[in-house]
1. If we sort 279-288, 134-143 on the protection proxy, mean other Cβ atoms within 10 Å, highest first, what's the order?
2. Among 111-118, 124-131, how do they line up by average Cβ neighbours within 10 Å per residue, starting with the highest?
3. Taking every eigenvalue of the Cα gyration tensor of the chain, multiplying by 5 and rooting it, what semi-axes result, largest first, whole Å?
4. Using the Cα atoms as the points, what is the convex hull volume per residue of region 94-149 in Å³?
5. Could you quote the convex hull projected area for region 205-341, Cα atoms only and averaged over all directions, in nm²?
6. Taking Cα pairs under 8 Å and at least six residues apart, what relative contact order does region 1-111 come out at, in percent?
7. If only Cα atoms are counted, what is the Rg of region 60-206, and what is its Dmax, in Å?
8. If you take every residue apart from ILE297 with its C-beta less than 10 Å away from the C-beta of ILE297, what net charge results, scoring Lys and Arg +1 and Asp and Glu -1?
Amino acid sequence: MTTRTESVVVVGGGQSGLAAARAARLAGLRPIVLHAAAEPVGSWPDYYDSLTLFSPARHSALPGMAFDGDPDRHPRRDEVVAYLRRYAEALDVDIRTGVRVRSVHPRPDGGYLVRTEAGDEIAAAGVVAASGSFGNPYLPRLPGQDVYAGDLRHVAGYRRPDRYAGRRVVVVGAGNSAVQVAHELAAYARVTLATRGPVRFLPQRIRGRDLHHWLDVTGLDRLPAAVLRRVVRHPAVIDSGVHRAALASGLITRREMFTAFTPDGVVWSDGAVEPVDAVLFATGYRPDVGYLDSLGILQRGVPRQVGGVCTGRPGIVHLGLEFQRSFASNTLRGVSRDAEHVIAALAGHVSRRPRRWTGAPVRQDAR
């Protein structure tokens, strides 16, 4: 008896896509990874230059390959890029770079037709949406924003602090990225952190061990998202003490979120008007899954899913969504647990799918 190996398309070649590809291969599926950029390392090359993981190397690796070097260090952005490059090379799966997915359409046999922006079409038994969110940064809208003449951008467009030397800068947000960027800017510029409440901190080390050790051994890192949302109501900054000290000393000031822009600045919540040279929004991201819109499974751009399994279309699964199944769902350390879960569901769908499709032939894309 011959066992058929089914092709599944994985959209995205970052940490989520690579984790999905590994899990799919282990499940007896044949993953085809489509990645829009030049190499399968996700969005990591596009993050700001100084970005440093908050989890140590020993807790940040994907299954089957550890980070090189000291396992207790916190890898920088370029180290993560190099690691993912090595991981992709070692997977021995079909990874196609420079391929951007335009849309996904259902087929009569329960599979899908994936169309690329280049006009190619790929028939697949299922689809893993692992495209992340970096391509869809969330930028709030405030009164006067359209007439503000200063430098306004999301932190997705920020690279390094020296370009802001001598300027007055406001960073919006109370999470890790906001505080980390504000702190490095403070060496070059006058910086205020604009937030809707106090900045909350979690200690990087507890009783001599990194926080992530305790998240792991206590199981907190694997708490179901539904439970976690009741426990974690506010963002918290993982801190060795340096960021808390910067706020306490006045190196970085904090003010309640401003209410509007003026042509050359902002209006603070107490009515004060201040000229500001640049505003950086560290206000998060939304799922970058517009290519699924044709399937009718998005609600205001957000996938309808439970634990990463689409509730409207069998054979569609998601990976890397924030709080998808746990606190660590969209992180290097947690994405593989979710990959095993959604690929198991996808493999089950594929095994129940009709064996033949009698519709029109499809054009297979070329490498």
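The values are calculated or read from the model by the stated rules, or taken from the named source; none is laboratory data. As the structure is a prediction and not an experimental result, all values here were calculated from the model. Because the Cβ atoms are built from the backbone with ideal geometry, glycine has one as well, and the counts that use them run over all protein chains shown. When the accessible area is computed, the model is the full protein with side chains, heavy atoms only, and any ligands, DNA or RNA have been set aside. Shrake-Rupley method; radii C 1.70, N 1.55, O 1.52, S 1.80 Å.
1. Final packing ranking: 279-288, 134-143.
2. 124-131, 111-118
3. After diagonalising the Cα gyration tensor, the semi-axes are 39, 24, 18 Å.
4. Measuring per residue, one finds 161 Å³ for the Cα hull of region 94-149.
5. 12.5 nm²
6. Relative contact order of region 1-111: 32 percent.
7. In order Rg, Dmax, the Cα atoms of region 60-206 give 21.2, 62 Å.
8. Counting the neighbours of ILE297, the net charge comes to +1.
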